[in-house]
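Visitor: Before anything else, here's the structure in question.
The values are calculated or read from the model by the stated rules, or taken from the named source; none is laboratory data. In this text the structure is predicted, and so the values were computed from the model without any measurement. Positions of Cβ are backbone-derived with ideal geometry, glycine not excepted, and every protein chain shown enters the neighbour counts. Ligands, DNA and RNA are excluded from the accessible area calculation, which covers all protein heavy atoms including side chains. Shrake-Rupley method; radii C 1.70, N 1.55, O 1.52, S 1.80 Å.
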Amino acid sequence: MNRPVLPMSSLSLKLPTADRSIETYGLAASRTFPAKLEGTLNRVAFSAAHVVADPLADNDPWLTSAIDWDRTIAFREHVWDLGLGVAEAMDTAQRGMGLDWPTSLELIQRSVKAAKAKGNALVFSGAGTDHLAVEDAKAIDDVIRAYEEQIAAVEKAGGRVILMASRALAKLGRNADDYAKVYNRVLSQVREPVIIHWLGDMFDPALSGYWGTADLDKAMDTALAIINANAAKVDGVKVSLLDKRREIDMRRRLDKNVRMYTGDDFNYAELIAGDDQGFSHALLGIFDAIAPAASYALSRLAAGDAAGFHDVLGPTVPLSRHIFKAPTRFYKTGIVFMAYLNGHQDHFTMVGGQESTRSTLHLAGLFRLADGAGLLSNPELATRRMKTVLATRGIEP
């Protein structure tokens with residue numbers, strides 16, 4: 001398993017280059033990964049999963065979402081088969097970026113039900129304040145009530161909670177005390193320990209100054225003080241700052257019973273591998289796009305084969321850095337494009353019309369990097385679909 005099938009593929013297609021020319025690109029050797037987890041894992045690993053849009057719905061995509069529920073749940077079953085957990089209704093699912101709270105709640109309810117039918121597969125779901133319009137948030141107590149409403153809904157569905165960062169709190173919270181008031185109150189009420197999500201403003205500009213300051217060192221002090229004071233109510237913290245040094249520093253300062261879940265889509269391989277002082281678990285958007293490779297790599301790590309882990313996961317990092325390049329908030333387009341190339345959906349259509357947020361050149365670069373890392377599960381299908389997309393953008397096969 002995972003050895004090159006051929007020294008070189010016979011497949012090729014025309015791809016645009018940075019100098020505006022068109023090249024004939026020959027695909028590299030393919031790699032094959034198991035469709036289900038083989039062995040065990042010694043890291044808790046979540047894929048923040050995307051939603052599959054319904055391309056035939058009679059709606060206005062910029063205004064209302066339409067979900068293909070069967071394909072959306074089928075993708076989650078694919079992730080569970082690989083031994084990964086699903087982080088549901090997060091930013092990868094376009095939460096607050098095309099997916100509103102009522103639709104998010106239906107997604108959570110359906111996903112939790114599917115997880116139970118799958119033998120209580122691992123799923124945590126996002127609870128935030130996005131049903132409270134930022135302009136309608138007048139006081140800190142408004143933020144608390146909004147969090148309480150969504151947490152209650154997730155718990156009623158039988159789900160576990162990921163406590164998402166709040167745009168309303170980013171607007172109203174002036175200092176560490178404001179954040180402590182919100183998080184202390186909310187955490188005191190949760191039924192089971194939650195995952196706290198610290199999402200950087202590169203993912204969502206509306207979260208600038210989170211934890212009451214633009215100074216990241218002070219912000220980390222505040223976050224750590226709140227988390228460690230409520231350690232019994234916190235399963236872990238997911239940090240999405242794309243700064244490995246800050247994540248490592250925070251990891252070493254966390255209460256020993258609180259997990260660090262890396263959200264660093266630039267440096268996840270080395271953070272998961274860890275060092276002599278610890279390691280990070282994973283809650284990553286990129287694991288949506290590379291789930292089979294991630295599962296296999298993690299199983300190699302658990303088996304004591306660090307070289308095998310890095311051999312598989314290392315080549316995926318350049319692809320992830322490309323997908324998550326600035327403006328980082330548009331990364332979801334690359335995630336869904338990978339799902340299309342790999343046959344998890346029959347179209348490249350997204351909630352909110354977000355398929356338009358990346359250029360033809362960006363998608364071509366993604367194809368090259370995915371191929372080079374052995375991440376095209378069916379190269380013939382992926383090549384055919386890439387040609388179809390390019391044709392709609394003026395590049396004939």
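Visitor: For the Cα atoms of the chain, what angle does the longest principal axis make with the long axis of helix 140-156, in degrees from 0 to 90, nearest 10?
Guide: 60 degrees
Visitor: How many angstrom lie between the C-alpha centres of segment 326-348 and segment 64-78?
Guide: When both Cα centres are located, 14 Å separates them.
Visitor: Order the following by accessible area, largest value first: 50, 322. Probe radius 1.4 Å; ligands, DNA and RNA are ignored.
Guide: Accessible-area ranking of 50, 322, largest first: 322, 50.
Visitor: Just how far, in whole angstrom, is segment 168-243 from segment 253-312 if you go by their alpha carbon centroids?
Guide: 23 Å
Visitor: Once you wrap a convex hull around the alpha carbon atoms of segment 258-397, what is its projected area averaged over all directions, in nm²?
Guide: Across all orientations, segment 258-397 yields a mean hull projection of 9.2 nm².
Visitor: If you don't mind, there's one more thing I want to ask. Mind listing the long-range amide H neighbours of residue 235? Cut-off is under 5 Å, sequence gap 5 or more, other chains count too, H placed in the peptide plane at 1.01 Å from N.
Guide: 194, 195
Visitor: Is the shape of segment 21-72 rounded, prolate or oblate, going by the alpha carbon gyration tensor and its root eigenvalues a ≥ b ≥ c, with a/c under 1.5 for rounded and a/b larger than b/c for prolate?
Guide: oblate
Visitor: Over the chain, what is the mean sequence separation of C-alpha contacts under 8 Å (at least six apart), divided by residue count, expressed as relative contact order in percent?
Guide: This gives 20 percent for the chain.
Visitor: With everything on Cα atoms, drop me the angle between helix 244-253 and the longest principal axis of the chain, reported from 0 to 90° to the nearest 10.
Guide: 40 degrees
Visitor: In whole percent, and with a 1.4 Å probe on the protein chains, what portion of the accessible area of segment 193-242 is carbon and sulfur?
Guide: Looking at segment 193-242 in its full context, I get 53 percent from C and S.
Visitor: I'd like the carbon and sulfur percentage of the solvent accessible area for segment 1-159, probe radius 1.4 Å, heavy atoms only, ligands and nucleic acids excluded. Before the final figure, lay out each step's value.
Guide: Details: 3940 of 7620 Å².
Here it works out to 52 percent.
Visitor: Cut-off 10 angstrom, C-alpha nodes, Gaussian network model of the chain. Which of 241, 319, 84 fluctuates the most?
Guide: Its mean-square fluctuation being the largest, the pick is 241.
Visitor: Quick one: check the C-alpha center-to-center distance for segment 20-54 versus segment 104-140, whole angstrom.
Guide: Spelled out, the Cα-based centre of one part sits 26 Å from the other.
Visitor: For the chain, which semi-axes, largest first and in whole Å, follow from the square roots of 5 times the eigenvalues of its Cα gyration tensor?
Guide: On the way: eigenvalues 233, 115, 78 Å².
Listed largest to smallest, the semi-axes of the chain are 34, 24, 20 Å.
Visitor: I've got another one for you. Not counting ligands, DNA or RNA, and with a 1.4 Å probe, what is residue 366's accessible surface area in Å² rounded to the nearest 10?
Guide: 0 Å²
Visitor: Given the DSSP H assignment, sum -39500 (n - 2.57) over each helix run of at least 4 residues in the chain and divide by its residue total; what's the result at 222 nm in deg cm²/dmol, nearest 500?
Guide: That calculation yields -12500 deg cm²/dmol at 222 nm.
Visitor: How would you classify segment 37-181 from its alpha-carbon gyration tensor, with a ≥ b ≥ c the square roots of the eigenvalues: rounded for a/c under 1.5, else prolate if a/b is greater than b/c, otherwise oblate?
Guide: oblate
Visitor: Rounded, prolate or oblate: pick one for segment 319-397, where a ≥ b ≥ c are the square roots of the eigenvalues of its C-alpha gyration tensor, a/c under 1.5 means rounded, and failing that, prolate if a/b is larger than b/c, else oblate.
Guide: rounded
Visitor: Over the heavy atoms of residue 60, what accessible area does a 1.4 Å probe trace out, to the nearest 10 Å²?
Guide: Here the accessible area works out near 100 Å².
Visitor: Which links in 218/244; 218/238; 181/325; 116/156; 244/332 stretch past 23 Å when you go from one Cα to the other?
Guide: 181/325
Visitor: I'd like to check one number: the per residue accessible area of the chain, probe 1.4 Å, reported in Å² as a whole number.
Guide: Per residue, the chain has an accessible area of 41 Å².
Visitor: What is the helix-to-structure angle for 176-187, meaning the angle in degrees between its Cα long axis and the longest Cα principal axis of the chain, kept from 0 to 90 and rounded to the nearest 10?
Guide: For 176-187 against the chain, the angle is about 80 degrees.
Visitor: Picking from 343, 285, 85, which is most flexible by a Gaussian network model of the chain using Cα springs under 10 Å?
Guide: Comparing 343, 285, 85 in a Gaussian network model of the chain, the most mobile one is 343.
Visitor: What is the distance, in nm, between label points placed 7 Å from the Cα along the Cα-to-Cβ direction at residue 277 and at residue 229?
Guide: Label at residue 277, label at residue 229, 2.5 nm between them.
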